[in-house]
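K.L.:
Once you've had a glance at the structure underneath, I'll fire off some questions.
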Amino acid sequence: MMRPVWGRCVVKPTDITETDETLRRSKNAGLILPENKEKERLQHGQIEGELIAVGGNCFDDWKGTIPENGDTVIYDKYAGFIKEVNGTEYRIISDTDILAIV
């Protein structure tokens, strides 16, 4: 497992097929979306995920509710970068990229 440092967080993006009903029905029916449309839907879906780990200085400057591991969070669409570990995709972002707790 990754251990983020400083003000970084590790988020496991929500699987778009779990949250996008149209995509799920299309795939179940055997329909194949054009590549650009599927990428667009996948990218849109990766603004929500489960907070997996936080670095030591995360949320030091925050006031109010602080997200905890296991919380579902919404984060900036283009935040951080994606890293695959053991076949699972994670996004490493700054704590300031988290916009809301769901």
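K.L.:
Look at the range 71-89 and say how many of its residues are modelled with pLDDT of 95 or more and under 21 Å from Trp6 (Cβ atoms).
P.N.:
Qualifying residue count for the region: 2.
K.L.:
Return only the number of the condition from (1) surrounded by 15 or more Cβ atoms within 10 Å (Cβ to Cβ); (2) under 15 Å from Arg3 (Cβ atoms) that Asn57 does not satisfy.
P.N.:
(1)
K.L.:
Can you name the condition, by its number, that Val5 falls short on among (1) at pLDDT 90 or above; (2) closer than 21 Å to Ile101 by Cβ?
P.N.:
(2)
K.L.:
Right, next: Could you please let me know if Ile66 is surrounded by 13 or more Cβ atoms within 10 Å (Cβ to Cβ) and more than 12 Å from the chain's Cα centre (by Cα)?
P.N.:
Yes.
K.L.:
In the set Thr96, Thr65, Thr22, which member is part of a helix (DSSP H, G or I) and modelled with pLDDT of 90 or more?
P.N.:
Thr96
K.L.:
So, in the range 70-88, how many residues would count as being under 15 Å from Leu51 (Cβ atoms), of a type outside the set (Val, Ile, Thr) and in a strand (DSSP E or B)?
P.N.:
Number satisfying all stated conditions: 1.
The values are calculated or read from the model by the stated rules, or taken from the named source; none is laboratory data. Quick caveat, the model's predicted, so the values are computed rather than measured. For neighbour counting, all protein chains shown are included, and Cβ atoms are generated from backbone atoms with ideal geometry for every residue, glycine included.
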